[in-house]
Amino acid sequence: MTTPGDGMARALDEARRAGARGEVPIGAAIVRDGAVIAAAGNRTIELRDPTAHAEMLAIREAAAAIGSERLTDCDLHVTLEPCTMCAGAISFARLRRVYFGARDPKGGAVESGVRFFAAETCLHRPEVYGGIAEVESAEMLRQFFAERR
């Protein structure tokens, strides 16, 4: 069986690949029954698609892999706290757990900002575990943005 660290290791690899492509280095992996069934890094620039966040791409890939829009027995590992759009997709996909790396006080919507899963209108609330590989995730983002300033 995979551990949160195994899924996060794959998410970190995807984040590094995204950064190498010039995308904001955020990666995501979805684990089911101990195996990664989907993984992606940000592709918003490459695809010219503002919804092409790592989480969204991984959710789409996982749903296609298992043949269902419901990922009830799957866990998401992502290097940055999900935004509101991604939190909505996580809820609609019925993901069981979310493990995230760095907190995002400006754009995050899980423990920061709107706290999407705490909203009364949220239909599905996954278990959430923040701070997994937080230092490495945050440093990758810091370096990426420092190089662009």
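The values are calculated or read from the model by the stated rules, or taken from the named source; none is laboratory data. Keep in mind the model is a prediction, meaning the values are calculated, not measured. Virtual Cβ from ideal backbone geometry, glycine too; neighbours counted across all protein chains shown. Protein only, heavy atoms only, side chains kept; ligands, DNA and RNA dropped before computing areas. Shrake-Rupley method; radii C 1.70, N 1.55, O 1.52, S 1.80 Å.
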The lone exception for THR121 - which of (1) open to solvent by 80 Å² or more (accessible area, probe 1.4 Å); (2) touching a helix residue (DSSP H, G or I) at 6+ places or on another chain (Cβ under 8 Å); (3) without any contact (Cβ under 8 Å) to a residue 12 or more places away in the chain it fails = (2)
ask   = Can you name the number of the only condition in (1) of a type outside the set (Lys, Arg); (2) out of contact with any Leu (no Cβ under 8 Å at 6 or more places or on another chain); (3) under 25 Å from ARG21 (Cα atoms); (4) open to solvent by 30 Å² or more (accessible area, probe 1.4 Å) that ALA89 fails?
value = (4)
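Every residue in the range 1-39 that is farther than 24 Å from ARG94 by Cα, in a helix (DSSP H, G or I) and either polar (S, T, N, Q) or open to solvent by 50 Å² or more (accessible area, probe 1.4 Å) (or both), please.
Across the range 1-39, the qualifying residues are ASP13, ARG16, ARG17, ALA20.
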ask   = How many residues are open to solvent by 60 Å² or more (accessible area, probe 1.4 Å), hydrophobic (A, V, I, L, M, F, W, C) and under 17 Å from HIS53 (Cβ atoms) when one looks only at the range 92-118?
value = 2
